[in-house]
Amino acid sequence: MIIVLKKEITASQKDKIESFIRSFDSSPSYWKNNGFDVIGLLEQDLSIWENDLKNMDGVEKVIPIKKEYKRVASELPPKIIKYKGVEIGKDTFNVIAGPCTVKSYEELKEIAISLKKKGIRLLRAGAYKLRTSPYSFQGLGEEGLKIIKRVCDETGMLSVSEIVSTEDVEIVSKYIDIVVVGTRNMYAYPLLKKIGKINNPVILKRGFSATLEEWLLAAEYLAESGNSNIILCERGIRTFERYTRNTLDISMIPAVKILSNLPIIIDPSHSTGRSEMVKSICFASMAAGADGLIIEAHYNPIESIVDSRQTIDMEILQEILDQKENLINLWDKK
Ligand code: PEP
Ligand code: MN
């Protein structure tokens, strides 16, 4: 529930409201919205006290949050994630790029340098991979994390990499800035709870068969465990269509904004599975109001150890970036 206080509230009226709230042992959060002081009560369900609160002096209005995902609901102020000089959410637009998976220091460094020249600050690269076949390359593990950290330290970029299991949360969060929960793990609640205990921002990819509500409830697991620095990522869902790797559900951009306060980014690589489609999907995502993109890119895509078919080269990436300002301007983003 959210309590909006009157602009002309007195200190004693505010005290009364606060001590009433504290009598329920709640831990309220405070913010400002359009010049009004707002108190958010998210710990307990105080809906039976709605009328009492409404009638207290100094209260402008009470807004109940009827949603089960109350910590990531659109009734709360839009989430802006601030981390090591990067801002994600609301009026911002961020491009994350890099190879699917780290193969060697030399290769990642060369990619990072090309991206940095283009003004990209966020480097993606997998070290732990969840592959459909047990015979496919599974990632370099800790060795990969060390390479990613070294490259980011040397280039001043921030790293983005996936955590695939609860045992790896500690080690990945030590080396990596922004952690990722992949599509296969969106329902891995013990993993979400554990990532909820770390401070790194987290990209939560939509499960390939998840409804919007299930996805937002997965985000609620993270927030409820203590980490609300969440970025949702639509990466396509599984449908009957086989030409594309997945079916990108672009309608999730406005849908997430209607229901949630979290930013949403688009993954054009895993949704299409085809490098020649990536630019078009990036344009569409920017025009539809996405808060960012996460793109698989390499200076020579055929050298990518994983997902080379969907990896774009630096020229296509530049063509995408060349239209960025025009398209994100539609949404007053920077
Ligand atoms: C990835 O980003 O490399 C990845 C495996 O993505 P997803 O979990 O969306 O398939
Ligand atoms: Mn990939």
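The values are calculated or read from the model by the stated rules, or taken from the named source; none is laboratory data. Predicted model only: the values in this text are computed from it and were never measured. No Cβ is skipped: glycine too gets one built from the backbone with ideal geometry, and neighbour counts run over all protein chains shown. Accessible surface areas use protein heavy atoms only, side chains included; no ligands, DNA or RNA. Shrake-Rupley method; radii C 1.70, N 1.55, O 1.52, S 1.80 Å.
Does ALA125 qualify as being more than 16 Å from ligand 1 (Cβ to nearest atom) and at pLDDT 95 or above?
Values: more than 16 Å from ligand 1 (Cβ to nearest atom): no; at pLDDT 95 or above: yes.
No; evaluated as a whole, the condition is false for this residue.
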VAL202 being within 16 Å of ligand 2 (Cβ to nearest atom) and open to solvent by less than 30 Å² (accessible area, probe 1.4 Å):
no
Is there a residue being surrounded by 15 or more Cβ atoms within 10 Å (Cβ to Cβ), in contact (Cβ under 8 Å) with a residue 24 or more places away in the chain and in contact with a helix residue (DSSP H, G or I) (Cβ under 7 Å, 6 or more places away or on another chain) anywhere in region 10-21?
no
Those residues that are surrounded by fewer than 21 Cβ atoms within 10 Å (Cβ to Cβ) and in contact with a strand residue (DSSP E or B) (Cβ under 8 Å, 6 or more places away or on another chain), I need them from region 205-222; list them, please.
PHE208, SER209, ALA210
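Could you tell me whether TYR105 is away from ligand 1 (no atom under 16 Å from the Cβ), out of contact with any His (no Cβ under 7 Å at 6 or more places or on another chain), of a type outside the set (D, E, K, R) and farther than 24 Å from GLU319 by Cβ?
Details: away from ligand 1 (no atom under 16 Å from the Cβ): yes; out of contact with any His (no Cβ under 7 Å at 6 or more places or on another chain): yes; of a type outside the set (D, E, K, R): yes; farther than 24 Å from GLU319 by Cβ: yes.
It is true that TYR105 is away from ligand 1 (no atom under 16 Å from the Cβ), out of contact with any His (no Cβ under 7 Å at 6 or more places or on another chain), of a type outside the set (D, E, K, R) and farther than 24 Å from GLU319 by Cβ.
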Output the number of residues of region 301-329 satisfying the condition of being farther than 22 Å from ILE81 by Cα and open to solvent by 50 Å² or more (accessible area, probe 1.4 Å).
10
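Any idea which residue in region 286-334 is nearest to MET252 (Cα to Cα), counting only those that are of a type in the set (Ser, Thr, Tyr) and within 16 Å of ligand 2 (Cβ to nearest atom)?
Pass one, region 286-334, residues of a type in the set (Ser, Thr, Tyr): 299, 304, 308, 311.
From what is left, the residues that are within 16 Å of ligand 2 (Cβ to nearest atom) are 304, 308, 311.
Numbers: SER304: 29, SER308: 26, THR311: 23 Å.
Filtering region 286-334 for residues that are of a type in the set (Ser, Thr, Tyr) and within 16 Å of ligand 2 (Cβ to nearest atom), the one nearest to MET252 (Cα to Cα) comes out as THR311.
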Could you look through region 23-55, keep only residues that are under 19 Å from GLU224 (Cα atoms) and of a type in the set (D, E, K, R), and pick out the one that is surrounded by the fewest Cβ atoms within 10 Å (Cβ to Cβ)?
ASP25
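Kindly provide the set of residues from region 81-131 that are among the β-branched types (Val, Ile, Thr) and either within 16 Å of ligand 2 (Cβ to nearest atom) or open to solvent by 40 Å² or more (accessible area, probe 1.4 Å) (or both), ordered by number. Step through it out loud before you land on a result.
Step one: filter region 81-131 for residues among the β-branched types (Val, Ile, Thr), giving 81, 86, 88, 92, 95-96, 101-102, 111, 113, 120.
If the condition is that a residue be among the β-branched types (Val, Ile, Thr) and either within 16 Å of ligand 2 (Cβ to nearest atom) or open to solvent by 40 Å² or more (accessible area, probe 1.4 Å) (or both), then ILE96, THR101, VAL102, ILE111, ILE113 are the ones that fit.
With the structure loaded, tell me whether ASP249 is within 12 Å of the chain's Cα centre (by Cα) and either within 16 Å of ligand 2 (Cβ to nearest atom) or surrounded by 16 or more Cβ atoms within 10 Å (Cβ to Cβ) (or both) or whether it fails that test. Break it down stepwise before answering.
Working: within 12 Å of the chain's Cα centre (by Cα): no; either within 16 Å of ligand 2 (Cβ to nearest atom) or surrounded by 16 or more Cβ atoms within 10 Å (Cβ to Cβ) (or both): yes.
Against the criterion (within 12 Å of the chain's Cα centre (by Cα) and either within 16 Å of ligand 2 (Cβ to nearest atom) or surrounded by 16 or more Cβ atoms within 10 Å (Cβ to Cβ) (or both)), ASP249 does not qualify.
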If PRO268 meets every condition in (1) under 18 Å from GLN310 (Cα atoms); (2) surrounded by fewer than 24 Cβ atoms within 10 Å (Cβ to Cβ) apart from one, which number is that one?
(2)
With respect to THR239, is the statement that it is in contact with a Gly (Cβ under 9 Å, 6 or more places away or on another chain), farther than 25 Å from LYS193 by Cα and among the β-branched types (Val, Ile, Thr) true?
no
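On the basis of being at pLDDT 95 or above and either more than 13 Å from the chain's Cα centre (by Cα) or over 16 Å from LYS129 (Cα atoms) (or both), does GLU162 make the cut?
Values: at pLDDT 95 or above: yes; either more than 13 Å from the chain's Cα centre (by Cα) or over 16 Å from LYS129 (Cα atoms) (or both): no.
When the stated conditions are applied, GLU162 does not pass them.
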